[in-house]
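What follows is a single structure, written as structure tokens, with notes after it.
The values are calculated or read from the model by the stated rules, or taken from the named source; none is laboratory data. Here the structure is a predicted model, which is why all the values come from computation and not from measurement. Here the Cβ positions follow ideal geometry from the backbone for every residue, glycine too, while neighbour counts run over all protein chains shown. Heavy atoms of the whole protein, side chains included, go into the accessibility calculation; ligands, DNA and RNA do not. Shrake-Rupley method; radii C 1.70, N 1.55, O 1.52, S 1.80 Å.
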Amino acid sequence: MLSTPRPQAAPSLLFDDGLTRFSKSKPAESTTLGEPPKKSNRQLKAEAKKRAWEERIAKREAERTRKAEAGDNEEAAFLEKKRKLAEQRKLMGSGSPEKNEKQEQQHKKQKKRKEVPEEHQRKRQKTAGELPLLNGFFPTSVQSPKQKPKNVTQETPQKLEPKFTPSQSDPIHPKQRSSALLSQRQSLPIWAHQSALRQCLIDRDVLVMVGATGSGKSTQLPQFMLNEPWMARRTVPGIDGKVGGCIAITQPRRVAATNLARRVATEAGVKLGEEVGYSVRFDAKAGPKTKIKFLTDGMLLQEMLRDPLLRKYSCIVVDEAHERTVDTDLVMGFLRRLVYGERKGSLKVVVMSATMEVEGMSKFMEENNGQDLDVAAEGEDAAEEGGDIEMKEALAAAVEEALAKEDEEAKEKEEETHPESRKEKRRKKKKKKQSQIDMLLAPRSATPEPVSPVVAEETKPQDDGPESMALYGSIALFQVPGRQFPVDVYHAPEPVTDYVDSALRTIFQIHYSEPLPGDILVFLTGQEEIDSLQKLIEEYAKDLDKTVPRILVLPLYAALPPKEQQRVFLPAPTPNTRKIILSTNIAETSVTVSGVRHVIDTGKAKIKQFRPNLGLDSLLVSEISQSSALQRTGRAGREAPGKCYRLYTEESFKALAQATVPEILRADLAQTILRLKARGCDDIVSFPFLSPPPRNALLAALEQLLGLAALDDTGALTQLGKDMSLLPLLPPQARVLLAAKNAEVVEETIDVISALSGTDSIFVFTTDEEQREAAMEKQKEFLRQEGDHIMLLEIVRAYAAVRPGERRQWCKDHFINPRTMANIWDVRKQLRVLMDVSSSAPEDDEEEEGSESVEVVSPDTAQAVLKCFLTGYYRNTAKLDGRTGGYVTVVGAGNDVVIHPGSSLTGKKREAVVFQELVWTTRPYARWCSAVQMDWIADAAPGVLKRSL
DNA sequence: CAGCGATGT
């Protein structure tokens with residue numbers, strides 16, 4: 001058994017033993033379409049490689065034993081640990097005596113259950129209604145899969161390194177590096193297809209690539225392409241200057257971009273920032289020599305502001321396209337245009353996805369697919385909530401006109417080409433779109449209606465067979481297998497009413513029946529749920545039988561202080577301890593925890609949904625999609641065969657939506673549209689959206705921008721809008737900042753906006769009563785009667801006044817998350833540069849001892865700042881309703897609004913408030929509130945609205 | 001009277 005993850009091992013080494021074992025069950029060779037027939041040779045090589053690996057591992061084992069015998073304590077401890085684990089496995093693996101004991105344990109636990117502290121009972125009842133006591137732990141009701149274990153191939157590959165590991169240094173010794181890395185690289189599935197892939201890219205300009213975890217696609221493909229003839233920098237007719245020479249690989253997340261760059265630089269044996277580099281916000285290591293650049297999608301969009309043709313690049317690789325973030329979707333839309341437009345013949349586009357569901361993407365990337373003619377799907381125009389009707393009507397008319405025009409053009413084109421198939425295609429597309437819209441518009445509740453029953457991913461043929469390449473119209477489609485261990489999937493035999501309770505039972509069942517090593521990863525919806533389950537587990541773990549391993553419960557969510565997050569990646573304190581990680585869906589994509597072999601999936605997640613007609617977000621517990629479920633399942637099979645326990649029935653799984661609704665269909669589109677316009681895309685209706693947003697969402701966004709004076713009546717970008725688009729902020733925030741420039745409170749406003757945009761949780765949040773009270777007490781010193789905005793200003797000011805060396809302690813003292821504060825500081829620094837604030841105070845320099853003087857914000861300044869906020873947030877205002885004592889929105893239909901309990905104004909009664917965000921969770925909560933006056937609102941509101949106030 | 005899924009410029 002080599003599968004114990006070694007503490008602090010280089011992440012890439014985790015594959016060592018996986019490799020050998022996997023290749024045993026999988027033939028090293030397979031047929032590939034369009035690949036030169038050199039198979040036998042390659043096969044031999046593969047076998048030799050395999051043997052080499054096995055030998056290496058055997059050698060290492062021998063080496064360990066030798067070292068241990070020679071008195072190397074570390075190695076001896078390691079071997080001892082392994083031996084113990086093996087024993088343990090033997091001990092727990094089978095036999096009926098244990099079974100009886102197990103049952104006894106269960107009864108004990110059950111009895112104990114009834115004595116669960118009242119507090120917990122209450123909490124869970126709140127979320128789950130009744131609390132059924134099942135007979136025994138969940139296992140009695142966990143079904144064995146009817147078939148053999150299924151291979152799970154859905155994965156995203158580049159998150160091998162834990163997100164929060166700050167290791168900047170390469171953990172591999174340079175001496176080992178070249179040989180180890182080369183053989184590692186060559187053993188990656190993609191390596192066998194190098195020549196075929198290269199040919200693909202010579203033949204076609206667009207390649208869609210499917211590759212699951214561990215295929216090596218993100219790291220290897222750029223290296224394959226580097227010396228291709230089409231990479232050469234050259235002159236192209238119709239474009240000024242030379243074109244090409246670089247490869248860009250876009251990622252949805254910063255960590256992924258930086259980590260991949262680091263790895264590729266290591267593999268290529270170059271210094272990071274020279275031939276291989278990266279570029280993310282606040283951090284870039286790239287220069288004139290850089291040929292391969294990893295960047296975030298958002299960063300590429302930013303580069304498009306300066307050069308819409310992306311002349312620097314010969315190839316853009318869009319990685320993780322299946323995640324369908326707004327930015328990825330936008331990048332794909334722009335690239336589609338470029339590759340068949342201005343950059344035709346001089347740009348290669350590769351779209352990489354981890355899921356098989358690439359048909360839509362492939363069609364989208366095809367030339368002449370009608371996408372450019374596509375109109376925004378008809379959204380259901382529900383009754384709009386009052387407001388500025390004139391504005392809305394004008395906009396609606398404009399959009400309608402554009403739509404009609406597009407429709408006509410589309411029709412003409414249709415008839416030009418194959419009329420039959422075009423129409424059919426179109427109809428299908430419409431239908432699909434409609435269903436997306438239905439889904440979007442369907443009322444969301446805690447248990448939403450399943451959209452349309454679809455065939456479970458798992459029942460489809462898996463990607464076990466030959467890797468394949470297909471030419472598909474103007475694009476090439478390529479599949480590379482991943483490297484993933486099989487995961488047994490278990491479903492609940494009947495619907496689960498309380499998934500927290502069910503998770504608890506399943507955890508202990510696994511703990512009692514499964515040998516170590518094998519940590520458990522539980523997917524839950526939020527912090528509160530995680531905290532309460534943690535308490536429950538710890539309660540039960542107190543009287544664990546001595547024969548079973550210890551338990552270590554670790555929460556994992558984004559708002560957790562970094563130190564706490566790090567604990568997830570540390571090895572358990574003793575070898576005889578099982579880690580139980582309770583995570584939000586952060587562990588689904590962003591963070592990879594090693595050592596996990598058991599996944600418990602509640603099938604739920606909190607999903608944000610923007611409601612254009614109401615102009616507010618909902619953050620509700622919703623069912624995940626099949627692809628999310630598969631992603632979660634895959635987390636059990638990264639290092640060894642694993643097991644996944646789904647706390648819902650197989651039927652429920654089948655009824656889940658196949659894929660998560662793309663973010664662009666769920667989000668507030670104001671910023672998206674502003675960015676489109678700023679990148680020269682005036683006619684948003686004709687932009688090739690992979691998933692065209694519903695019309696009412698587009699309208700709401702246009703209306704918002706019009707209200708912020710970012711657009712004029714014709715829908716064209718104003719100078720103000722242009723300025724706004726240059727700021728890395730939401731449109732209302734950008735508007736506020738530009739207003740502040742005129743009002744000469746720009747420094748103060750930057751402080752507030754940085755604090756708001758840095759995160760939504762500046763304070764450390766604890767459920768612990770005592771700690772919370774202490775925190776509240778400490779935070780009192782920042783409280784201002786004006787409300788939250790000025791309080792944030794006071795906090796930022798106070799922080800600025802602290803000497804850099806003492807800031808960490810200061811954060812701790814004030815229960816402020818230091819990572820959040822660091823982020824706020826980065827934003828503040830950037831905004832100060834962008835807004836041309838002379839850095840008179842040198843507090844930004846860490847070396848400088850100087851610090852800003854602490855100066856309490858004067859009421860006049862506070863008022864000026866708040867008035868600026870109203871220019872951007874005049875719609876986010878509520879006035880006190882004299883009769884009910886509650887607040888109702890000023891703009892619109894006068895809907896009820898409740899001040900968020902986290903606000904300093906909660907429970908206070910003011911004439912009116914401005915708030916940053918309205919989120920519907922259990923009630924319509926207004927977050928980040930400050931007191932304002934009605935006449936300020938009237939002053940700040942745009943013309944049409946002003947009249948109605 | 002009572003709460004914050006995850007990203008990004």
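Summary of values
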item	result
In Hz, Karplus ³J(HN,Hα) per residue of region A:730-735 (6.51, -1.76, 1.60; θ = phi - 60°; x = Gly, Pro)	5, x, x, 5, 4, 4
Ordering of A:339-347, A:881-889 by burial proxy (mean other Cβ atoms within 10 Å per residue, highest first)	A:339-347, A:881-889
Accessible area of region A:537-675 divided out per residue, in Å², using a probe of 1.4 angstrom	31
Within the accessible area of region A:721-948 (1.4 Å probe), percent carbon and sulfur	48
Where labels lie 7 Å past Cα in the beta-carbon direction, separation of A:Glu494 and A:Asp682 in nm	6.5
Net length gained if the chain between A:Val898 and A:Asp935 were fully extended (0.36 nm per residue, minus Cα distance)	11.2 nm
Dipole magnitude (debye, nearest 20) for region A:640-752, charges at Cβ of Lys, Arg, Asp, Glu	560
Share of carbon and sulfur in the accessible heavy-atom surface of region A:581-684 [1.4 Å probe, %]	46
Fraction of alpha-carbon pairs over 24 Å apart in region A:721-948 - percent	44
Using a Förster distance of 41 Å, the FRET efficiency for A:Arg550-A:Glu777 (Cβ separation, nearest 0.05)	0.70
Burial order of peptide ranges A:349-360, A:236-247, A:697-708 (average beta-carbon count within 10 Å, highest first)	A:697-708, A:349-360, A:236-247
Added length on full extension, which subtracts the Cα-Cα distance from 0.36 nm per residue, A:Glu367 to A:Lys535	54.9 nm
